[in-house]
Amino acid sequence: MSGNTNLQGAKKAKKDEFYTQMDDIAGELSHYSHHFRGKTVLCNCDDPFESNFFKYFALNFNFLGLKKLLCTCWDGSPITGRELNLFGEPCTPDGRSRIAYKAEITEVRDLTGDGATDLEDVKVLLQRHRPERLQGNGDFRSAECIELLKEADIVVTNPPFSLFREYVAQLMKFDKKFLIIGNQNAITYKEIFPLIKENKLWLGVKSGDMSFTVPEDYEERETRFWIDNNGQKWRSMGNICWFTNLDHNKRHLPLDLYKRYTPEEYPRYDNYDAINVDKTSEIPLDYSGVMGVPITFLDKYCPEQFEIVEFRKGADGKDLVYSSIGGGRTTPYFRILIRPCR
């Protein structure tokens with residue numbers, strides 16, 4: 001039984017291994033730099049030898065004014081101890097052992113004497129102060145990793161998609177600031193949507209298409225998958241979001257509305273006192289009641305402009321539905337019920 005459990009865990013781990021690109025990290029983080037001065041940052045799903053999250057914060061340690069950078073990895077990761085590290089050599093002597101590490105940085109100086117602080121200085125820093133082995137397996141739920149979480153001010157990483165609910169719950173439990181990557185479908189989770197409704201969590205600046213490198217043994221797919229000239233496997237997805245509770249300017253930009261309400265164009269739900277709106281761009285500017293809008297609305301959501309009322313369900317507890325002119329009944333895809341702020 002335990003062998004089968006381990007096998008299933010290994011399969012899930014492979015599906016969770018999506019390695020974020022530096023451009024995507026830098027592009028999003030550029031909107032939050034003022035949040036990081038004097039703060040301790042934790043990347044707790046990141047191999048310090050491989051992670052672009054670690055590289056980003058190490059390279060920008062002084063620019064952001066960080067107090068400390070902590071980085072940990074899980075020993076079950078398909079790449080831990082197998083890929084090439086920052087020094088161009090295996091992380092372990094045999095190149096196969098998987099080890100959970102913790103890297104800790106409190107300063108980045110010009111250690112190479114070339115007049116600049118860059119990745120070469122980070123390499124020297126890690127050669128002098130090698131990341132230490134964790135006592136456990138590096139799971140973010142382990143006791144020693146929770147102690148590191150308590151120490152951190154802000155958590156930034158790409159957590160396992162399959163554990164997204166549990167990961168966010170832990171962040172909320174310990175009242176942490178965070179910026180993490182997740183699937184847009186997480187918006188619909190019963191554990192996540194109430195946090196969005198209560199303005200305890202919101203979308204970051206970028207959402208939509210994002211490409212990730214995946215492990216060598218990742219199963220090939222017919223779509224959104226390719227192998228580059230270096231033999232690296234890639235996977236892209238069109239429904240990726242940054243989730244955060246760090247404020248950013250985009251969140252306070254109101255939607256420009258241009259359409260006016262007509263009963264013919266905006267049918268009322270049969271089981272909720274609200275109208276249906278098929279596109280975020282078509283929200284009527286002169287309607288003051290409740291409206292059902294697509295979940296993609298959250299990418300444009302301004303809390304000063306709209307209030308989130310409910311998600312998906314009508315007053316009878318069933319999916320929202322409305323009768324069409326022809327007499328049929330239509331159940332729209334997931335809808336978020338909103339109303340203008342008064």
Residues of the stretch 29-80 being closer than 16 Å to Leu125 by Cβ, touching a residue at least 40 places away in the same chain (Cβ under 8 Å) and in a helix (DSSP H, G or I), in sequence order, are Phe54, Lys55, Phe57, Ala58, Leu59, Phe61, Asn62
Show the residue pairs meeting these rules: Cβ distance below 7 Å; 6+ apart or different chains; first residue within the stretch 129-158 and of a type in the set (Asp, Glu); second residue in a helix (DSSP H, G or I). Asp139/Cys145
Criterion violated by Leu337 - all others in (1) open to solvent by less than 30 Å² (accessible area, probe 1.4 Å); (2) over 15 Å from Asn276 (Cβ atoms) satisfied: (2)
How many of the residues making up the stretch 168-195 are touching a residue at least 60 places away in the same chain (Cβ under 8 Å) and of a type in the set (Gly, Ala, Ser)? 1
Check Arg251 against each of (1) within 30 Å of His31 (Cα to Cα); (2) surrounded by fewer than 17 Cβ atoms within 10 Å (Cβ to Cβ); (3) charged (D, E, K, R) and name the one condition it does not meet. (2)
Any chance you could count how many residues in the stretch 94-150 are within 13 Å of Ala58 (Cα to Cα), out of contact with any strand residue (DSSP E or B) (no Cβ under 7 Å at 6 or more places or on another chain), in a loop (DSSP other than H, G, I, E, B) and β-branched (Val, Ile, Thr)? 2
Does Lys197 satisfy the condition of being closer than 30 Å to Phe306 by Cα and out of contact with any helix residue (DSSP H, G or I) (no Cβ under 8 Å at 6 or more places or on another chain)? yes
Please tell me if Asp278 is touching a residue at least 24 places away in the same chain (Cβ under 8 Å) and surrounded by 13 or more Cβ atoms within 10 Å (Cβ to Cβ). yes
Only one of (1) under 17 Å from the mean Cα position of the chain (by Cα); (2) under 21 Å from Thr188 (Cβ atoms); (3) open to solvent by 20 Å² or more (accessible area, probe 1.4 Å) is not met by Ile240, so which one is it? (3)
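Can you confirm whether Asn229 is within 30 Å of Glu147 (Cα to Cα) and exposed (fewer than 15 other Cβ atoms within 10 Å of the Cβ)?
No, not satisfied.
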Within the stretch 106-115, identify whether any single residue is surrounded by fewer than 13 Cβ atoms within 10 Å (Cβ to Cβ), of a type outside the set (A, V, I, L, M, F, W, C), modelled with pLDDT of 95 or more and farther than 22 Å from Tyr32 by Cβ, and answer yes or no. no
Please state which one of Ile187, Ile181, Ile192 is among the β-branched types (Val, Ile, Thr), within 24 Å of Leu42 (Cβ to Cβ) and in contact with a helix residue (DSSP H, G or I) (Cβ under 8 Å, 6 or more places away or on another chain). Ile192
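The values are calculated or read from the model by the stated rules, or taken from the named source; none is laboratory data. Just so you know, these numbers come straight off a predicted model, no measurement behind them. Note: ideal-geometry Cβ built from the backbone for every residue, glycine included; neighbour counts use all protein chains shown. Note: areas computed on protein heavy atoms with side chains; ligands, DNA, RNA excluded. Shrake-Rupley method; radii C 1.70, N 1.55, O 1.52, S 1.80 Å.
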